[in-house]
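Here the structure is laid out as structure tokens; the discussion comes afterwards.
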Ligand SMILES: Cc1cc2nc3c(=O)[nH]c(=O)nc-3n(C[C@H](O)[C@H](O)[C@H](O)COP(=O)(O)O)c2cc1C
């Protein structure tokens with residue numbers, strides 16, 4: 001597919017519509033070749049990706065549930081089950097984070113997060129090019145040390161989000177996109 005046509009065709013699919021097939025772990029390495037082409041000040045390679053599939057998604061769901069119970073002691077049992085269920089909507093979840101080098105002379109933390117965001121977008125485009133669907137989500141778990149810790153992040157690291165990946169069981173209506181002219185000024 002033409003690269004422009006491909007990128008213009010990418011859009012997110014709600015996690016609940018995603019089913020198998022998913023890329024294998026080997027496929028993920030190929031897809032991540034595209035992520036590795038992201039702009040990266042100082043070549044710090046701040047991006048980290050964690051594959052969570054099959055039974056491990058339930059472990060992630062437990063982390064979401066436990067963290068909500070700690071974050072919001074008044075959360076109902078229903079709220080907690082809802083949080084747990086967020087990990088198992090799609091067959092494959094990829095946690096993406098920036099492993100931050102603190103106090104870098106030239107590359108502040110925000111640039112390391114931007115590089116990881118760029119890698120994430122490259123990956124979303126690569127997934128689309130390979131015929132998969134996906135969505136990047138965050139929510140309160142991304143800002144919760146009780147989620148970051150068990151996934152292997154230090155408090156300084158930034159959990160950019162969870163990419164839910166699979167094949168759409170039904171098509172999502174094509175979205176109307178903003179007019180770029182409204183976002184461009186010529187100085
Ligand atoms: C950093 C970031 C976090 C996001 N978190 C959520 C989220 O928690 N829940 C959600 O429904 N969409 C979230 N989104 C938006 C979706 O990823 C997606 O962009 C949106 O549904 C629009 O779809 P599109 O990609 O087809 O434009 C987030 C996007 C970004 C960039």
| query | So how far, in whole Å, is the C-alpha centre of the range 6-32 from the one of the range 153-187? | reply | 13
| note | Cα-based Rg and Dmax for the chain, in Å, come out at 17.5, 55
| field | Helical mean residue ellipticity (222 nm; -39500 (n - 2.57) per DSSP H run of 4+; nearest 500) of the chain | value | -11500 deg cm²/dmol
| task | Give the Rg (one decimal place) followed by the Dmax (whole number) of the range 89-187, computed from C-alpha coordinates and expressed in Å. | result | 16.5, 48
| message | Under a crude label model (7 Å from the Cα following the beta-carbon direction), how far is residue 140 from residue 77 in nanometres? | response | 1.9
| Taking the highest mean first, how do the peptides 101-108, 10-17, 89-96, 156-163 order by number of other beta carbon atoms within 10 angstrom per residue? | 89-96, 156-163, 10-17, 101-108
| Where labels lie 7 Å past Cα in the beta-carbon direction, separation of residue 185 and residue 37 in nm | 3.2
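No value in this document is a laboratory result; all are computed from the given coordinates. If you're wondering where the values come from, they're calculated on a predicted model, not measured in any experiment. Here Cβ is always computed from backbone atoms with ideal geometry, including for glycine, and neighbour counts include all displayed protein chains.
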